[in-house]
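Asks: Let me give you the structure first, and then I'll get to my questions.
Since every read-out is calculated from the coordinates, none of them should be taken as a lab result. No experiment lies behind these values; they were computed from the predicted model shown. In this analysis, Cβ positions are derived from the backbone assuming ideal geometry, glycine residues included, and neighbour counts consider all displayed protein chains.
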Amino acid sequence: MNMPTNQYQPVLEVEDLVVRYGSFQAVKNVSFAVQPGEIFGLLGPNGAGKTSTLSAIEGLLKPTSGSIRVLGYDNREQPLHARACTGVQLQSTSFQSELTISEIIRLFAGIHGIDLSPERTAAILTDIKLGDSASKRFGQLSGGQQQRVSLVIATIHQPPLVLMDEPTTGLDPQSRRQLWARMEAMRDKGHSILLTTHSMEEAEAVCDRIAIIDYGNIITTGAPQAIIDENRDKPEVIAASRRGRITLEDVFIGLTGTDIRA
Amino acid sequence: MSSTLTPPLPQTKRPQYTLPSPRSVFTSLLKADLTTQWRNRRAAMLAILIPSVILISWKGLIAQFGGAFALSNCITVGLNAIGLMGYTNSVARDRDKGVFQRLCVTPAPRWTIMASRLAVQLIMIVITTLVLFYVGYQVDHIVMNTANYVFAFLTAILGGALYLSLGQMIVGLVKNQETAFGITRLVFFVFIMVGQFASFGMLGVQVGSIADWSPYGTTKNILAAALTPSGWTGKTSMAVLVTLGYIAVFTTLGIRYFRWSSK
């Protein structure tokens, strides 16, 4: 079945999303949209509701209320269509430990209806500098290599929307920079990316727009520099500043507080 | 430094996204699950080896108890191993590792993920049953007519479905991997020990009767009846109904309470 796409509509629309775990409300009426060809970051302290929001978008948990639409497909009413338009890189990913990485890539390509020849699979692995590792298992790869494979699998079907949950956690600086470069290349090709991150440096480096979420609410949304400019004069932000120059981290601390979250 | 928002390019041609067919999804999953099973063949061999060894060791009892008795018990042991140790443990382990979670964010319908796993176990059931028929014939000289072999083969599949549904119920109700492992080992051991001793009448009438209507007992009795010419009685038909009832209950509970992630 072909799915028509409107290239001007938001790729992802989240409206009044509520996620509850028993009596605890993790996400409270969160609304935002991700535009085509944009990298959108979701920032927040631990327990802010980032992962719950992302899990609801991924379809891993059922929200209490609200709507999530990917390219117009409601992810509750047409979950398969929504997932077909989405590529996901989970924070901790595991694949069948008995399969080689080339078999894993062919498996997920097949799930997306793509029949990858061994030659094409080898070319993909060569492109991410893992041409010699085709017969290795996923667990035998380094952290950076695993991220490269996970990203290839997430984008094997050229999805308009890619979801990434703290993609650079545990990576060394070189791997992180490489991943940023790949993300920007994906954006330039027309993919949209929604990522969750703790890292202000990452948010400033790659995100076109960010939303800061705390206690389940979105506090502010905008381009990183615009958020800094909007909030630089607030007393709590100035108080958080350490070196006189207001950074995104200062704004983040000023808006979310200095208490350590569990 | 972040770049400014890139406006959508009017000339950009957006690719069309086609929903993959469930058949192609299932085929991809089945290929991967068969590869996984092949690479875990040592564990799979045990499911075939243990009942084969039991069958061979009972050679001296064939004259007294009959070939149908021996074969039905051993096939039931094999089905028990496949459903509990094979299926349940692999599902619990992969769920804990996050393998299912990764599959659940793809457009694979969830039923295809489980159907693929069940299909692999069904193949194991077929192989185990055929191997035991062969071992029984070659070593113990158990000879049945073709109709009985075919009938027994079909009832073995029914018995396999029972144990797979039992395994599904365990992973449905028990989220913790280690707890699930422990329960499957315990259930496996209890079924085998009680079932076998009860078969020999060593546990008394009451326990023997309970064991007769347990999942082990109904499977064994149906298999034994299928392997014996004119062996089918009213009690056997009741055992079939009880087996179907077990499958219905276990499957319902196993699907209803199953979670794709243990977190």
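Asks: How high is the relative contact order of the range A:215-256, given as a whole-number percent (alpha carbon pairs under 8 Å, six or more residues apart)?
Replies: 36
Asks: How large is the charge dipole for chain A, taken about the Cα centre, if only the Cβ atoms of Lys, Arg (+1) and Asp, Glu (-1) carry charge, to the nearest 20 debye?
Replies: Details: 25 positive and 30 negative charges, 71 e Å.
Approximately 340 debye in magnitude.
Asks: Against the empirical 2.2 N^0.38 Å scaling, what ratio does the C-alpha Rg of the protein assembly as shown come to? Working shown, then result.
Replies: Details: Rg = 28.2 Å, N = 525, 2.2 N^0.38 = 23.8 Å.
My calculation over the Cα atoms of the protein assembly as shown gives 1.19.
Asks: Which of A:E119, A:E103 has the fewest other C-beta atoms within 10 Å, and how do the rest follow up to the most?
Replies: On the way: A:E119 8, A:E103 21.
The fewest-first ordering by Cβ neighbours comes to A:E119, A:E103.
Asks: Another question about this same structure. Identify all lysines with a Cα-Cα distance to B:K235 below 20 Å; exclude those on the same chain that are fewer than 8 residues away in sequence.
Replies: B:K235 reaches B:K220.
Asks: Now for a separate question. Explain nothing, just the number: relative contact order of the range B:184-239, from Cα pairs under 8 Å at least 6 residues apart, as a whole percent.
Replies: Details: 32 pairs, mean separation 13.2, N = 56.
Relative contact order here is 24 percent.
Asks: Could I ask something else about it? Given the -39500 (n - 2.57) contribution per DSSP H run of 4+ residues, what per-residue ellipticity at 222 nm results for chain A, rounded to the nearest 500 deg cm²/dmol? Don't jump to the answer; show the numbers that get you there.
Replies: Details: 10 runs with 95 residues, N = 262.
Value at 222 nm, helices only, nearest 500: -10500 deg cm²/dmol.
Asks: Counting other beta carbons within 10 Å of each residue's own, what order do A:S135, B:S262 fall into, fewest first? Don't skip to the end; give the middle numbers.
Replies: Values: A:S135 10, B:S262 17.
In order of increasing Cβ crowding within 10 Å: A:S135, B:S262.
Asks: Cα convex hull of chain A: how many Å³ per residue?
Replies: 140
Asks: While we're looking at this one, here's another question. Going by how many other beta carbons lie within 10 Å of each one, how would you line up A:H81, B:H141, fewest first?
Replies: Working: A:H81 20, B:H141 10.
Fewest to most other Cβ atoms nearby, the residues stand as B:H141, A:H81.
Asks: If you restrict to DSSP beta bridges whose two residues both lie in the protein assembly as shown, what percentage is antiparallel, to the nearest 5?
Replies: Details: 22 of 40 bridges.
So the antiparallel bridges amount to about 55 percent of the total.
Asks: Can you give the helix-only mean residue ellipticity at 222 nm for chain B, where every DSSP H stretch with n ≥ 4 adds -39500 (n - 2.57) and the sum goes over all residues, rounded to the nearest 500 deg cm²/dmol? List each step's numbers first, then the result.
Replies: Details: 12 runs with 193 residues, N = 263.
Value at 222 nm, helices only: -24500 deg cm²/dmol.
Asks: Excluding same-chain residues fewer than 8 positions from A:K129, which lysines have a Cα within less than 25 Å of its Cα?
Replies: Partners found: A:K189.
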